[in-house]
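Remarks on the structure that follows.
The values are calculated or read from the model by the stated rules, or taken from the named source; none is laboratory data. Source: prediction; values computed, not measured. A quick note on method: Cβ atoms are made from the backbone with ideal geometry, for glycine too, and the neighbour counts reach across all protein chains shown.
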Amino acid sequence: MKMQLDQQSFERLRTINWFSKCAEMPDINFDFSVEWIPDWSIAVKHFTSPDWEDTTLQARNALTAYLATNYQNDYQDWNKITIQARDLIIKDIMPIISAFQQQQKLPTVFCDCVRWDLLAFVMESTYKRCNPPFFFTNLIEVYLAGRFPCGWKGEWPNGRLMVI
């Protein structure tokens, strides 16, 4: 059976009240370890660091390696689905993210981080029947809470997610 883009994941993304709780006192408990970041100046230092990029790259590589090893037939549709997902994210979600980035005067890498997270989440959702690792699904829980996942403390996969 050919893999199809998970449309429900886009419905979840469309319900997000983007960054509405960032820099506020913690008001939620997640099912994973979190270190709270108090303001954007500190968050910027984390999400612009090579460490955060490496962490998200390792998580994405874990997903693709798992699928390539365990679900070779399904994985053959990866590139086609990724292009569809990327195009929808760019069209439907990124204008909101870009407007926030400009309003807050955040570096442009902010938009790159969010786009990367959203695309990986959609891909995890698309392949959920394969029981892949779910790092980016956890990140979406942070976005759904009006927050922004901005870094990682520790050696991935052990450690804590930094959240503003």
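For this structure, a couple of remarks:
- First in the range 1-19 and at positive phi, second anywhere and assigned to a helix (DSSP H, G or I) and modelled with pLDDT of 95 or more, Cβ under 6 Å, 6 or more apart: Phe19/Phe100
- Extreme residue, nearest to Tyr71 (Cα to Cα), among residues of the range 120-151 that are in a loop (DSSP other than H, G, I, E, B) and among the aromatic types (Phe, Trp, Tyr): Tyr127
- Selection status of Thr55, on the phi < 0 side of the Ramachandran plot and touching a residue at least 40 places away in the same chain (Cβ under 8 Å): yes
- Of all residues in the range 64-119 being among the acidic types (Asp, Glu) and out of contact with any Leu (no Cβ under 7 Å at 6 or more places or on another chain), the one that is farthest from Gln4 (Cα to Cα): Asp112
- Residue match in the range 116-137 (condition: more than 27 Å from Asn29 (Cα to Cα), in contact (Cβ under 8 Å) with a residue 60 or more places away in the chain and not acidic (Asp, Glu)): yes
- In the range 99-115, the qualifying residues are those that are of a type in the set (A, V, I, L, M), in contact (Cβ under 8 Å) with a residue 12 or more places away in the chain and part of a helix (DSSP H, G or I), and the one that is surrounded by the fewest Cβ atoms within 10 Å (Cβ to Cβ) is Val109.
- Taken over the range 127-137, residues that are out of contact with any Leu (no Cβ under 7 Å at 6 or more places or on another chain) and surrounded by 18 or more Cβ atoms within 10 Å (Cβ to Cβ) amount to 2.
- If the condition is being closer than 13 Å to Gly151 by Cα and surrounded by fewer than 18 Cβ atoms within 10 Å (Cβ to Cβ), then the range 1-37 contributes Ser33, Glu35, Trp36.
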